[in-house]
Amino acid sequence: MPAVFAFADKVVGDPQTALFAAFGSVATLVFVDFTGPLRSRFVAYLTLAGAGAVNVVLGTLCSQNAWLGVGVMAAIGFAILFSGAINGYFAAAGTPALLTFVLPVTLAAPASEIPARLEGWALAAAAGICAHMLLWPARPRDTLRADAARACVALADLADSTLAADRAAIAARARTAADAVAGLRKRLLATPHRPTGPTGPTAALASLVDELDWLFSLLAPPAEPPPLELSRKANADAMAATIAVLRASAARLDGGDERPDLARLDEAQEAVALELAGQIPELPLPDEQALEFALEPAFRVRSISDSVRQIAGYALVAGAAAAPELDEPDMALGHSAGRRARSALQASKELAVAHASARSVWFRNSIRGAAALAVAVYIAQRTGLQHDFWIVLGTLSVLRSNALATGSSIMSALAGTAVGILIGAALVLAIGTHEPVLWAVLPVAILLAAFAPRAISFAAGQAGFTVVLFVLFNLIQPSGWEVGLVRIEDVAIGFAISLGVGLLFWPRGAAALLRANLAAAYARSADYVAAAAQLLVRGGDPARSAGAAEAAAVAADRLDDSFRQYLAEQSARRANVESIGTLVAGAARVRRTAQSLSGLGRMTDGDASLARCGANLDEDVRALRSWLIALGDSLVHATAAPPPHTRNTEGRRRLLECVREAVAGDDKTKLRPALALLWASQQLDNLRRLESHLGRHAFASEGEPLTR
């Protein structure tokens, strides 16, 4: 930044070029740091440079008319902020993209100044891209992918111990796997934005975290092994194939070119189903409970192998490779480039429509941010304050999730600004207007200003940037300590605007939104379970199940966004975040169960010939759906969680009896539907057992309900 600023100031000799070169360098080098493959990063920086150039032109053209500036600021501010819901790169580029419009629109200038301003931005963008690509170009390893690879290895080790029936090793490796999966989840939540996109590697990586958590729950060994295990050899072969696929997926996530052997896994799954179907009619079991107990190992193996197949697909897509069919087909990379592009555009449109709701964190924050920036631009243009763009920058820097967080940021920012003014004033008094000394201080001030916000605190960052402004403006137009008074006046106005807008728009913050989105996630996932079960039992048009799946996915995305926002607020410190996280994970567990039921439906190839048997599942499905919706309502209305519903033992008995009769006959076409119904029954029973666990965690903090 000092080099670009020096070139613009001393060689080009235009104050507009120098100013835009200086702040453009801050925008490209401090406010954004794209991660990922080298090519993706390069394209992202080029895209930011192009968007910034357009914003510089628009901002300059709008700077002569306050109302025009306000209207365009609101539209551009909303578009930039809301685009973060579609793609992680857009989210990361939000602040620098806004800066490229804020700076020119608040510094009134005629259209004749556009070339000089574009020259400054071009210098900054070119130098910034070169610095990102050439100075320490080897980016650190994608930590999330590395953590996912370690979790895959830990889960493979646990599966290996389970296959060997080594109880001591199982206990130790279960703890290791739990730590690995929990660490991965923590890493995901620590990222500023969920690494999602409409399609492709980023979306796959985010889904991979949820799938690994689901797999860990399946690998947890039963308290006692069953006295009779059906399909013992086939189960062992399937577990061996599962372990191999997990290890290959881990290697792929670590940057290798291994490809999981999914054909072997599919063959092992088929062998389990065929062997099990042949054994059920011959069993002289005394009762249905004993039959269900004997089926449990095969059910676990089937569920584990299904989950591992998903993990392998996500690992391949995360590495930009062609993948098999996944539960989210838009991720698949095996299509042509044109089809992928159309798929990405369609998915982006669907994401935008899905988040265009008051329940979306992105929508709320975009509306609030656009309103705050528009008001700040109007006041900046009308008041005629010196360096009035800092009013808008101050507003931009403290836009947070609610009024309380904004107030906290105001105090931190003003305190940091005050400290910066004292330090900067002392420097100016000591240095005076000696240019060589100011030039020598500038690189050190920039280093501290860029480093302090993350390494020390927000207030320290404000202090650092205030010192930078002292030096910068005393180089452009020497004015001594008076710069500090201008700085604190403009920043205070900007923060006051941000506080006012925060109070006006949704002052309750993320807690209420989190409750509503938890309820919506449980309700939509419960609808998905019911639709998938209906399709499995009775067949029919799969469009209903697909629609329920899409609604559940949208609700899950909104829940994730609101949970992240809740964690970012100080109010989260007063609550038991672990219990809230359990409720969030519970919603994901319900949705994943629905996906498993959909997979069982594919196993039958649409054959619903055992609808008579499957009708015995109806009561369990209705009771489960009602309980999940009631749980969400209890969170929203601060009431006690509903008691777990009673298992329909009579319906389960009739189902098992009906299935045994079906597979005992000569009609082999009934074998697959029969197994699918048995496994569906066990999936639903797992959810029923989860109810008491979720009900306990609904009271999350110090004996008080989460909803207070």
*Given charges at beta-carbon only (K, R positive; D, E negative), |dipole| of region 22-147 in Debye*: 280 debye
_Ranked by how many other beta carbons lie within 10 Å on average, peptides 526-539, 637-650 from highest_ = 526-539, 637-650
*region 525-545 versus region 34-112: alpha-carbon centroid distance in Å*: 44 Å
*Could you tell me what fraction of 2.2 N^0.38 Å the Cα radius of gyration of region 1-151 comes to, as a two-decimal ratio?*
1.12
*Which whole-Hz couplings ³J(HN,Hα) result when phi for each residue of region 48-62 is put into the Karplus expression 6.51 cos²θ - 1.76 cosθ + 1.60, θ = phi - 60°, listed in order with x for Gly and Pro?*
4, 4, x, 5, x, 4, 4, 5, 4, 5, 4, x, 5, 5, 8
*For SER357, enumerate residues with amide H under 5 Å from its amide H, sequence gap 5+ or separate chain, H modeled in the peptide plane.*
PHE363
_Which of VAL153, VAL105, VAL353, VAL4 has the fewest other C-beta atoms within 10 Å, and how do the rest follow up to the most?_
VAL353, VAL153, VAL4, VAL105
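Read-outs: derived from the displayed coordinates by stated rules, not from any lab. Here the structure is a predicted model, which is why all the values come from computation and not from measurement. Using ideal geometry, Cβ is built from the backbone for each residue, glycine included, and neighbour counts are taken over all protein chains shown.
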